[in-house]
Amino acid sequence: MKKYFIQTFGCAMNKADSEKINMILLQGKFMKTNNWKQADLVILNTCSVRQKWEDRVFWFAQEIKKENEKNKKNILLWITGCMVRKTGLNSKYLKDYKRDKNKAKKINILKDEKWIFNNDDKLFPRFDNKLDFTLRIEDIKYLALILTHILWETIWKDYNFDDYLKSKQLRENPSQATIIIQTGCDNYCTYCIVPYTRGKEKSRTIEEIIKEAREVVKNWAKEITLVWQNVNSYWKDFLGKKYWNEKEGKWKENFKTPFRKLLEELNKIEKLDRIRFTSSNPHDMTQDILDAHFDLEKTCNYLHFALQSWNDEILKKMNRKHSYKKFKEMIDYLRKKDPNFSISTDIILGFSGETDKMFEDTKKAFEECEFDFVYNARYSVRTWTIAAKLFPDDISEKVKAERWHILNDKLLESVTKRNKLMLWKIEEILISWKKEWQFFGRTRNFKEVFFKMEPSLKIWDIVKVKITDLDKYVLKWELVL
Ligand code: SF4
C-alpha cells in the first residue's frame, strides 16, 4: 500500500475537494498518513487568496526536497487547488515513458494526451524542479493515469472517478456534510484567479444534489452546507439566457430562482435539521433567497456575504457588481426580521488606489453593518489576474499592515457587541467536535460555543443550552435540562 498526506489551504470549497481526493485515493491503492515524511505522495490543495498560504506551499516543497535528498526518498509532490491553471507533469516524466517497452505494453501510461502531457503550468519553474505534477481538481479523471505514468505501475482503473462533480466525498465530520453544487466562476473579479483556474460556472442538477443530500442524511448528517464560489447563481449557466437579465445583472422579475427551488427541495428531507450555504455574491442575491431564511425552517439564520470594500469606486475597480448601499439594504432586511441574524463577510484592504479616506469608509462599514465575523485580507497581487495587469500595487505593506490591525480591532468590537445579544438566551447547538475535555458546536446562527464534556452526550447530539459567558469570539454555555 502506498501512503499519501494531504494538506488543505483556504475555504470550504477546498476542504470539500480534499474530501473527494480522500475518497478516490482510499478506494485506490493508497492509505492516508498524518506524517508527511512517511508519505509516498504529498498533496497540497492550495488557495491563492492569501500570500502566506502560497508562501507555505513553497516552503513545504523545499522541505520535501530536503527530506528526499537527506534520506534518499522519492516523496512525490502533487499541487492542486487554486494555484494551478493547467494539468501537467514535471519535464522528467515527459521523455521517459518509453523506458521499458515490454512493461509499457502492460500498463496504461500517458502518451499522446496533449492536454496533460505537458509542463505548461507556470508553477513548474517556480518549484525548483521539485513539483512532480499539477492536476486541476476538475481533471481528476486523469489522476490514476498520471500516477501510473509516474510510478510505472498500474494504480487503478475505476471509471466511477471520471466526473469531478459526480465523484463522492469522504466526509471527515459526518454530522456536517458539505455538498458541492457547482464548479467554476464567471465573475472575473479583477483580483481573483479562480475563473482562470476553475473555468466557467457549471452547475449540478437538483436531482443529483438531492440524491447526495438524502445519502448523507441517511449516514447521520444533521447539517448540510451547500458550497461553491457563488451559490446563488446556481443553474444560471443553464437558464441564464432565458431568465437572466444581462443588462441589469439580475434574474427577471417574479422568477423563482433555481437556488430557491433547491433549498425548498432540501427543506423537505426528513431528519435533516440545518441547511447553510456559502459563498453568496451580493450582486446575485435575490429576494426569494433572502426570504428562504425565514420561510424554510431548516435554512439557518446566517449568511456569508462578501462585501470586499465599502467604497463603490474600489468595488468597481475590483469588478464587483454590487454597491455598498444595496449590500446594506439586504443585511438590514435580514436583521430587521431577525436581530440575531448573523452576517460574516470578506474584506480586501489595501487594494490598488485605496486612499486613507476610502479606508476610513470601510471602517465605517464595520460600525454600520455590525458583522458577526470578517475575514480581513491584505491585498496581494495574483499573477495572471486583471488587477495584476492593469493596476499598480501602490499601497505599502506597512500601510496594509496598519489597516489590517485597525480592522481587526474593529472586528473584535463588533463581534463582542453582537455576541452580547446572545447572552442568557437559550439556543440549540449541534455538537460537532471535541478537543481535550471540551465539546464544540455551533448555534443555528453560526456562533461557536464550547462546554465541558458530559458523559451522557456525544458528537451529533443537538442540545439546548443557555449562553452564559463570552470568550472573545467563542461563547460559553450551560446545558438546559
Ligand atoms: S466571485 Fe469573484 S472573488 Fe469569488 S471566485 Fe469568482 S471571481 Fe473570485
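Laid out as a table, the results:
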| item | result |
| --- | --- |
| So residue 198, is it within 30 Å of residue 317 (Cβ to Cβ), in the same structural domain as residue 110 (by TED's automatic domain parsing) and in contact with a strand residue (DSSP E or B) (Cβ under 8 Å, 6 or more places away or on another chain) | no |
| Residues being assigned to a loop (DSSP other than H, G, I, E, B), within 16 Å of the ligand (Cβ to nearest atom) and without any contact (Cβ under 8 Å) to a residue 60 or more places away in the chain - total across the range 287-307 | 1 |
| Boolean, residue 180 is within 16 Å of the ligand (Cβ to nearest atom), within 18 Å of the chain's Cα centre (by Cα) and either crowded, with 21+ Cβ neighbours inside 10 Å or closer than 23 Å to residue 8 by Cβ (or both) | yes |
| Any chance residue 169 is of a type outside the set (A, V, I, L, M, F, W, C), free of Cβ contacts under 8 Å to residues at least 60 places away in the same chain and either at positive phi or in contact with a helix residue (DSSP H, G or I) (Cβ under 8 Å, 6 or more places away or on another chain) (or both) | no |
| Condition met for residue 173 (more than 9 Å from the ligand (Cβ to nearest atom) and of a type outside the set (D, E, K, R)) | yes |
| From the options 316, 325, residue that is more than 23 Å from residue 422 (Cβ to Cβ), away from the ligand (no atom under 16 Å from the Cβ) and of a type outside the set (Ser, Thr, Tyr) | 325 |
| Members of the range 216-234 that are part of a loop (DSSP other than H, G, I, E, B) and more than 16 Å from the ligand (Cβ to nearest atom) | 219, 220, 221, 222 |
| Residue list for the range 187-200, filter: more than 7 Å from the ligand (Cβ to nearest atom) and at pLDDT below 90 | 193, 196, 197, 198, 199, 200 |
| Checklist (1) touching a strand residue (DSSP E or B) at 6+ places or on another chain (Cβ under 6 Å); (2) closer than 30 Å to residue 315 by Cα applied to residue 134, failing item | (2) |
| Yes/no for residue 399 being under 15 Å from residue 50 (Cβ atoms) and either hydrophobic (A, V, I, L, M, F, W, C) or at pLDDT below 95 (or both) | no |
| Yes/no for residue 449 being outside any loop (DSSP other than H, G, I, E, B) and at pLDDT below 90 | yes |
| Residue selected from the range 201-215 under the condition more than 16 Å from residue 82 (Cβ to Cβ) and within 16 Å of the ligand (Cβ to nearest atom), by the criterion surrounded by the fewest Cβ atoms within 10 Å (Cβ to Cβ) | 202 |
| Residue among 87, 80, 148 that alone is in contact with an Asp or Glu (Cβ under 7 Å, 6 or more places away or on another chain) and modelled with pLDDT of 85 or more | 87 |
| Helices (runs of 4 or more DSSP H) completely within the range 46-150 that count 2 or more residues being aliphatic (A, V, I, L, M) | 51-71 |
| Some residue of the range 61-73 being closer than 30 Å to residue 163 by Cβ and free of Cβ contacts under 8 Å to residues at least 60 places away in the same chain | no |
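The values are calculated or read from the model by the stated rules, or taken from the named source; none is laboratory data. Keep in mind it's a predicted model, so treat the numbers as computed, not measured. Please note: Cβ atoms are built from the backbone with ideal geometry, for glycine as well, and neighbour counts cover all protein chains shown.
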